[in-house]
Amino acid sequence: MRLVMLGPPGAGKGTQAARLAERLGVPQLSTGDILRAAAAKGSPVSLAARDLMARGELVGDDIVVNCVLECIAEPGAASGFILDGFPRTLRQARALDEALEKAHLGLDAVLELKVDESVLLDRIIYRAREAKAAGLPVRADDNPEALKVRLESYRTQTQPLADYYRTAGLLRTINGLRPVDEVTSSLVAELRLHRKPESEQTSLSRAEFE
Ligand code: AMP
């Protein structure tokens with residue numbers, strides 16, 4: 001299965017992508033995690049990206065697109081992947097479509113988590129507190145100032161992707177406000193409902209849904 005998770009910061013994309021990735025046996029590709037890992041290594045490009053990320057701004061399309069196209073071409077992603085945090089702009093979405101088309105592949109679904117904006121700040125503050133309590137590093141952008149910028153770029157640059165994928169017949173919208181397990185069940189139910197005909201499935205996705 002080739003899936004995209006869509007939703008504002010704090011909607012639970014990462015949590016749900018990890019759960020689906022485990023169930024489906026495909027990698028979760030989180031551009032945020034990939035960029036943070038690159039920044040931690042300290043290459044000049046990734047250091048510039050680190051500043052943008054800390055402010056809540058989007059990193060340039062070319063950097064992110066190259067990164068994702070490399071990841072999905074790896075053998076580990078041959079039977080599918082879950083993109084978590086990509087695409088975030090129309091340019092990124094088109095670049096992904098082109099690359100998949102060239103490889104005679106396509107997306108199976110785009111899963112949009114709908115969450116009321118009023119709960120996002122609480123979720124982000126909770127995530128920062130949990131990380132701190134567990135002795136883990138707190139994300140530089142998990143604070144009210146950066147969240148404001150992240151929400152703005154979500155509204156202006158990422159939200160239009162819902163229409164893009166709706167037109168392509170791929171969008172599945174799920175209420176992300178419910179308890180984590182219920183959201184996972186809804187996502188799995190959506191995928192089962194819209195699965196491809198048996199002849200087009202991989203043996204892995206067949207096994208998962210039987
Ligand atoms: P995330 O972990 O998905 O919340 O992403 C954290 C930050 O990484 C974002 O606020 C952006 O600065 C950057 N980032 C992640 N994915 C992308 C993307 N697809 N395009 C541009 N910037 C991204």
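The values are calculated or read from the model by the stated rules, or taken from the named source; none is laboratory data. Keep in mind it's a predicted model, so treat the numbers as computed, not measured. Glycine gets a Cβ as well: all are built from the backbone with ideal geometry, and neighbour counts include every protein chain shown. What goes into the accessible areas is simple: the full protein's heavy atoms, side chains included, and nothing from ligands, DNA or RNA. Shrake-Rupley method; radii C 1.70, N 1.55, O 1.52, S 1.80 Å.
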Which condition number in (1) open to solvent by 40 Å² or more (accessible area, probe 1.4 Å); (2) part of a strand (DSSP E or B) is the one that Ile34 fails? (2)
Could you say whether any residue in the stretch 162-170 is at pLDDT 95 or above and of a type in the set (Phe, Trp, Tyr)? yes
Test of understanding: among Ala78, Ala140, which residue is touching a residue at least 24 places away in the same chain (Cβ under 8 Å), more than 29 Å from Asp163 (Cβ to Cβ) and out of contact with any His (no Cβ under 8 Å at 6 or more places or on another chain)? Ala140
Restricting to the stretch 27-45, count the residues that are away from the ligand (no atom under 11 Å from the Cβ) and in contact with a helix residue (DSSP H, G or I) (Cβ under 7 Å, 6 or more places away or on another chain). 3
Val65 part of a helix (DSSP H, G or I) and either within 12 Å of the ligand (Cβ to nearest atom) or surrounded by fewer than 21 Cβ atoms within 10 Å (Cβ to Cβ) (or both): yes
Hey, Arg127 hits all of (1) assigned to a loop (DSSP other than H, G, I, E, B); (2) open to solvent by 20 Å² or more (accessible area, probe 1.4 Å); (3) not aliphatic (A, V, I, L, M) but one; which does it fall short on? (1)
Hey, any hits in the stretch 39-62 for a residue that's open to solvent by 10 Å² or more (accessible area, probe 1.4 Å), within 16 Å of the chain's Cα centre (by Cα), over 24 Å from Lys148 (Cβ atoms) and not aromatic (Phe, Trp, Tyr)? no
In the stretch 68-94, anything more than 10 Å from the ligand (Cβ to nearest atom), of a type in the set (A, V, I, L, M, F, W, C) and closer than 17 Å to Gln28 by Cα is listed as Leu69, Cys71, Ile72, Ala73, Ala77, Ala78, Phe81, Ile82
List pairs: first residue in the stretch 11-22 and closer than 18 Å to Glu117 by Cβ and outside any helix (DSSP H, G or I), second residue of a type in the set (Asp, Glu) and at pLDDT 95 or above anywhere in the structure, Cβ distance under 9 angstrom, at least six positions apart or on different chains. Ala11/Glu112
Of (1) of a type outside the set (S, T, N, Q); (2) assigned to a loop (DSSP other than H, G, I, E, B); (3) within 10 Å of the ligand (Cβ to nearest atom), Ala49 satisfies all except one. Which? (2)
